[in-house]
Structures are given as structure tokens and as C-alpha cells.
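Heads up: the structure comes next, in C-alpha cells.
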Amino acid sequence: ITPLRDFPPDRSCLLDYALSGPVSGWLFSVACMVIGILKTVNADRTRLLNFPSIPAATLRTSFLAGSLLTVLAPKVMLMPLSQPIPIDPLFLVGLSGTIVSSLNLLPIARLDGGRACTAVMGPRIAAIASVWTSLLLFTAGVAIGKCLDTSPVSWTDTKIEVSSVLTTTKFYFVN
């Protein structure tokens, strides 16, 4: 979130200001991903052993990562989903950067996406879009959290014993 000292003179300047950071960050991140893939493909066996490994399924969940790997390293996309794949850390830096840049483009209040929404649709509709996006993300987070909750603690009980909370915490950190 970058604070504005003065509001831009018109909406087109606000749109340029709002989109310049995320777009340049996203392009830099994609370049890091490409260089990381090329460094992985050209690495020798000893260097590959030092690279972090991630499952092939993780690479296939991203359309961008899957597309880049299909073009630059097609054999990787033929591996089984559970196969750990060594990949250059620069690729992971680029993948993280694309996620952060994409999150920055959500139309929420003072994020760059919120400013771009304000520039394109006006402040009133941008405020409505910000509230709806926030509510949607909150609802999705609660729903996903309930689906993934495997703890033995029942949150409907009013009394939660300290020992059960410690056991649950230990379960999440050990497993």
C-alpha cells in the first residue's frame, strides 16, 4: 500500500499510477520464473540436488507456471502429480511475486486494484466493489478453513481446555 500525498489530477493518471507497480512487478516475476526454469533445465546433477523440491501437482495448479513449464521444460509436465521436482529458487521467487502482484490488483480500498477500480468506475462503485470483494474473501476463507479443519477441538464448546489446545498446536507444527 503506497500512500498518496496528493490525489492525481484526473482518473487516467490515477489508473496509470495504480497499474504501473503491479504490472511491472508481475512482468519482473514472470522473467524470474522463466530464468529459474532455464537455470533448472541447464543445471547439472549435483546442482539439482541442492535445489528445493516441490510436487508436480503444485506446478500444475497455476496456469502461468504450467504454461511456462510446458513450453520451456515439457518433460516436467509428464511426471506424476506426487513426483517431487527440483526447481531453481529463482522460479519460486517469481511465482511468489506473481501471486503478490495479483493479490495487489484485488479491488479493495487502498490496494492498487482498488485505486484502478476507482479510476475506471468512480469512487461510489469502487467502494461497493471493495466491500463485496472483502466479504467474498472473508466468506471463502471461513469456508475453506472449515473444510481444512482437522483439529480434535470442537469450536462449538464454550470451554476449551488448555491441554487440548496445546495438543492441537503440536499436531499442526509436528505434522
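The values are calculated or read from the model by the stated rules, or taken from the named source; none is laboratory data. For clarity, every value in this text was computed on a predicted model and none was experimentally measured. For neighbour counting, all protein chains shown are included, and Cβ atoms are generated from backbone atoms with ideal geometry for every residue, glycine included. For the accessible areas, the whole protein counts, side chains as well, though only heavy atoms, and no ligand, DNA or RNA atoms are used. Shrake-Rupley method; radii C 1.70, N 1.55, O 1.52, S 1.80 Å.
Quick notes
- List Trp26, Trp132, ordered by accessible area with a 1.4 Å probe, largest first: Trp132, Trp26
- Karplus-derived HN-Hα couplings along segment 118-124 (A = 6.51, B = -1.76, C = 1.60, θ = phi - 60°), whole Hz, x at Gly and Pro: 5, 5, 7, 10, x, x, 5
- Karplus 3J(HN,Hα) series, Hz, for segment 74-82 with 6.51 cos²θ - 1.76 cosθ + 1.60 (x for Gly, Pro): x, 5, 5, 6, 8, 6, x, 4, 8
- Segments 77-88, 97-108 sorted - mean Cβ within 10 Å per residue, highest first: 97-108, 77-88
- Accessible solvent surface per residue of segment 8-124, calculated while the other protein chains remain in place, 1.4 angstrom probe, Å²: 58
- For Asn42 and Phe138, a Förster radius of 41 Å and the Cβ-Cβ distance give a FRET efficiency of 0.40, rounded to the nearest 0.05.
- Of the accessible area of segment 1-90, computed with a 1.4 Å probe over protein heavy atoms only, carbon and sulfur atoms account for 66 percent.
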